[in-house]
Amino acid sequence: MSAKIRVLVVEDSITVRNRLVEVLGTDPEITVVGEATDGQRAVELCLALRPDVITMDMLLPVMSGLHATEQIMAHVPTPILIVSSSINRGDLFQTYQALASGAVDVLEKPSADDDEGAWERKFLSTLKMVARIRVITHIRGRMTAAMDLAPKLSAATSSLSVVAVGASTGGPAAVVELLRALPPDLPLSVLLVLHIGAPFGQSFAEWLDGQIDQRVAFATDGEPLHAGPGRVVMAPPDRHLTIKDGRLRLTTTPARHSCRPSVDVLFESVALEVGAGAGACLLTGMGRDGAAGLLAIRRAGGLTIAQDEATSVVYGMPREAVLLGAAERVLPLGEIGPTLVRLAHTSSGSRSA
């Protein structure tokens, strides 16, 4: 029989903590090895117990969940599932920063409105998924260092007019690193789909805007696709992002792969509307959303890149793309942005650089 998944629960509310422990106790594959009521104790117990996975609240006494996450990922890397109910702007920014600092995923705390058993099933399945992920040492400031080392090329002429980016689990950190490598004057429209559950996604564009040199905003239905360089447009929560007749369109058509927004929906529309003038990057994430769309862009003559396994938090979506033959290039995360910059200065017929 395989060993049980060893869980450290970090939560200052005794009511919520007992609920989490109770739910975890219903699964024979899981055992709770420790409980912490503040961030400092969470770090201490993680060092002492070496759990397989941690559930982490963000609003904690003594040391916040964000700072505890940063300490854990710097000194004893452990898969972390954020379990939070805070959705105001400041608390959401802390959640995004924790995800960028190495936390794997985020889940809402249970509420009275949940269907009976639904939250419990989602909690257990998400926790097991997070526990399987191989995390790395993630020191705060590592992305800033990567930004400083990235080539800062001035944009002149470009054969690419649009770059579409899709990501899921592990995506916040990957997206920041990729976009930091793109100079703000690069004459490209960057379109982004990130799987992050509402309501946690509602302020992500504003947070990302503060992390990179480009301007970032959620898409508005009907706005022009090309509205100047140094601009990143993101699909808002629960809306597909597409292009139609040179304008961005938001739709509520059915979810694809249980995702709305869907990377496939964006990529397929980019293939139809932009064709050989498009570049697309499929980053870390679970599932297969984006693989078919990446193939559509490659068939239309566009540049397609998949993140490699070694640098992916979850090698799911990129792997599916590779298996389909959708990726023209499979690159480590740190090489994707510089590659886009370099290829933006070459003709579409000389992409062997």
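The values are calculated or read from the model by the stated rules, or taken from the named source; none is laboratory data. These numbers come from a predicted model, not from an experiment. Note that we place each Cβ from the backbone using ideal geometry, even for glycine, and neighbour counts take in every protein chain shown.
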note = Contact list, first residue from region 308-323 and farther than 18 Å from residue 132 by Cα and modelled with pLDDT under 90, second anywhere and aliphatic (A, V, I, L, M) and crowded, with 24+ Cβ neighbours inside 10 Å, beta-carbon distance below 9 Å, six or more apart or interchain, is none
query = Within region 314-330, how many residues turn out to be assigned to a strand (DSSP E or B) and surrounded by fewer than 19 Cβ atoms within 10 Å (Cβ to Cβ)?
reply = 2
note = Of those in region 7-19 that are more than 25 Å from the chain's Cα centre (by Cα) and not small (Gly, Ala, Ser), the residue nearest to residue 64 (Cα to Cα) is 12
message = Please return the ranges of helices (runs of 4 or more DSSP H) entirely within region 53-149 where 2 or more residues are farther than 19 Å from residue 173 by Cβ and modelled with pLDDT of 90 or more.
response = 118-131
note = Scanning region 187-213 residue by residue, those at pLDDT 90 or above and buried (at least 18 other Cβ atoms within 10 Å of the Cβ) turn out to be 190, 191, 192, 193, 194, 195, 204, 205, 207, 208, 211, 212
remark   = Flagged pairs (Cβ under 8 angstrom, 6 or more apart or on separate chains; first in region 202-215, assigned to a loop (DSSP other than H, G, I, E, B); second small (Gly, Ala, Ser)) are 211/100; 213/230; 214/230
request  = Being over 10 Å from the mean Cα position of the chain (by Cα) and of a type in the set (Val, Ile, Thr) is the filter; apply it to region 164-216 and report the residue that is nearest to residue 316 (Cα to Cα).
outcome  = 165
query = In region 246-271, which residue that is of a type in the set (S, T, N, Q) and either over 13 Å from residue 234 (Cα atoms) or touching a helix residue (DSSP H, G or I) at 6+ places or on another chain (Cβ under 7 Å) (or both) is modelled with the lowest pLDDT?
reply = 258
remark   = Taking region 150-171 and keeping only residues that are part of a loop (DSSP other than H, G, I, E, B), at pLDDT 50 or above and not small (Gly, Ala, Ser), one is left with 160, 169
